[in-house]
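Okay, so here's the structure we're looking at.
Laboratory data are not the source of any read-out in this text; all were calculated from the coordinates shown. Small disclaimer: the values here were computed from a predicted structure and weren't measured. In this analysis, Cβ positions are derived from the backbone assuming ideal geometry, glycine residues included, and neighbour counts consider all displayed protein chains.
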Amino acid sequence: MAAKLVDHVGYVDDAIEAMKASLRLQDARVITYHRPGTYKGTIYSGLPEASPREINLIAINTSELDPLAGDRKSCTGCGRCVPYCPMGAIILHKGEGDTRTKPYAEIDFEECVECGVCLRAGVCPADAIREQALPWPRVVRKAFSDPLYIHEGTGIPGRGTEEMKTNDVTGRYGDGYIGVGLEMGRPGIGTRLREVERVIKRFVAMGIELEEQNPVTQLIEDRDTGDLRSDVLNEKVLSAIVECTIPIERAKEVFCAVEEIAAEIETVFSVDLICKVAPDGTIPIVTELEGAGFVRSINGKVNMGLGHPLYQR
């Protein structure tokens, strides 16, 4: 198993040599390796176009490649950026108590989800936070975490899906059907895509068809099993949504599966549900929901049907 993990992320020695070659500093030596002894899944030494800014977990004793996205030399260690990180991934180092090491902030790239909040906050007095070019698969983190990023597969920013909020226009969910969404991860926790894969595989095994206009669905490599692309599984994102449509008769079955999933995955999630209101004004899903022991949140949304129903054209 250990050999497979090493093969998957690339060898550290290869990463070091790639950085030295790109910097043209063959005599440079590695002085830190982020969290020694911890498994790392974001070393891209296998990429032929690898560059020092793409291999961002190792610091070399040059000013060109330092923590905080490349400019530790400029960082004053003021700590203003720290509270802006929704993942708590900015670490403030106070120095060694002498003049050899000044205080500085460092981004934990294993926990960073590339949301861009620290950069857009504009609080760094030294302009030490720099945006880096993100290679595949790390760019997936930005795609699901930066609300300004537009997903290529859906053309929608944020998490790449309009979810259930536009049903008066799209008509995704008709009479006798309900929409189910699992919003996985939240600020402060996030989720690895391998946890998202667990949910997808469970739904696929139940014969549930997932929403195609969703970037999570578009990462599926094997539609028969629900396996995601293997190269994205260790990527951490702020949040991702798994969506599907089911006949209302299967609601209890799906709710039971969701309860089992909650005990298996290592993140938090919330359950979104949508259905059309019946002609008598009742909400058909409520009976199924309460029968399964679920408690409805008071902040539900009502789609008034004021949108232009394109699906009827």
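Cross-link reach is defined here as a Cα-Cα straight distance under 18 Å, omitting same-chain residues fewer than 8 places apart; for Lys73 the aspartates and glutamates meeting it are Glu64, Glu96, Asp98, Glu106, Asp108, Asp127, Glu131. Dividing the alpha-carbon radius of gyration of the stretch 222-313 by the rule-of-thumb value 2.2 N^0.38 Å gives 1.36. Distant-in-sequence amide contacts of Ile178, defined by a placed amide H-H separation under 5 Å and a gap of 5 or more residues or a different chain, comprise Ile246, Ile248.
So how do Glu264, Glu17, Glu235 line up by other beta-carbon neighbours within 10 Å, fewest first?
Arranged by neighbour count, lowest to highest, Glu264, Glu17, Glu235 become Glu264, Glu17, Glu235.
For the peptides 125-133, 105-113, the ranking by packing is 105-113, 125-133, with the highest mean count of neighbouring Cβ atoms within 10 Å listed first.
Once the chain from Ile91 to Ala263 is taken as fully extended at 0.36 nm per residue, the excess over their C-alpha distance is 58.8 nm.
Taking 0.36 nm per residue of sequence separation and subtracting the Cα-Cα distance, how much length would be gained by fully extending the chain between Val82 and Glu249, in nm to one decimal? Walk me through the numbers before you get to the answer.
Details: separation 167, 0.36 × 167 = 60.12 nm, distance 4.83 nm.
Taking Val82 through Glu249 to full extension adds about 55.3 nm, to one decimal.
Dipole check for the stretch 194-313: with +1 at the C-beta of Lys and Arg, -1 at the C-beta of Asp and Glu, and the Cα centre as origin, the magnitude is about 440 Debye.
Among the listed pairs Lys165/Lys252; Lys201/Lys301; Lys102/Lys142; Lys201/Lys236; Lys201/Lys276, which have their C-alpha atoms separated by more than 25 angstrom in this model? Intermediate values should be presented prior to the final figure.
Working: Lys165/Lys252 23 Å; Lys201/Lys301 29 Å; Lys102/Lys142 30 Å; Lys201/Lys236 18 Å; Lys201/Lys276 28 Å.
Among Lys165/Lys252; Lys201/Lys301; Lys102/Lys142; Lys201/Lys236; Lys201/Lys276, the Cα-Cα distance tops 25 Å for Lys201/Lys301; Lys102/Lys142; Lys201/Lys276.
Calculated on C-alpha atoms, the gyration radius of the stretch 215-262 divided by its Kirkwood radius gives an Rg/Rh of 1.02.
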